[in-house]
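Structure record follows, encoded as structure tokens.
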Amino acid sequence: MGGQILNALANRNHIVDNACILRNSGGTALVASAAATAAQTGQSVPFDTGGGYTEGKLFIDVDTCATGTTIGPWVIVLQGARDSTFATYVTLAQLELGTAYGPQSTSHSTQHSTGVYVIPWSNDFGGEIYRWLRCYSRLGNMYATTAASNAPSVGGLDYSAYLTI
């Protein structure tokens, strides 16, 4: 987990528990939409809240974020599901990074890039409790039309994500 996110957690009096890591930055930028994997967290994925109402903050430490008018927004979401397969899921929290094509995160900025972002969340959505949590990344418009082998030449997205409860 990156130093910036550890400092942000410590400055807000949060205890660091490795079980709450949703994604570790890997040094290689993502070039396709994907859920965080156990290899990226060092923990079992997805995160199990235990089944009761849970709320906290999602700390996202963005190491790499390509921006530009042709790339479009990168979206990092906290998904919740009733079972660990994520056959059906909801978005509990969301952060958009990069060039704005519409509403952005709650700060309403037109462009975000690297840094630490803190987003509140709860696993109650529409009166339903979602026990299982994971991070999912949807990558920008450029990669929809660019071969994956060419994608790293235009940038990418790499970040760490950590839950507090």
### Query
Of the numbered conditions (1) closer than 16 Å to residue 135 by Cβ; (2) surrounded by fewer than 21 Cβ atoms within 10 Å (Cβ to Cβ); (3) modelled with pLDDT of 90 or more, residue 89 satisfies every one except a single condition; which is it?
(2)
### Query
Picking from 133, 97, which residue would you name as being farther than 23 Å from residue 47 by Cα, surrounded by 20 or more Cβ atoms within 10 Å (Cβ to Cβ), at pLDDT 60 or above and not aromatic (Phe, Trp, Tyr)?
97
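Condition test on residue 76, is it crowded, with 16+ Cβ neighbours inside 10 Å and either modelled with pLDDT under 85 or not β-branched (Val, Ile, Thr) (or both)?
no
The values are calculated or read from the model by the stated rules, or taken from the named source; none is laboratory data. In this text, all values refer to a predicted model and were calculated from it rather than measured experimentally. Here the Cβ is made from the backbone with ideal geometry for all residues, glycine too, and neighbour counts use every protein chain on show.
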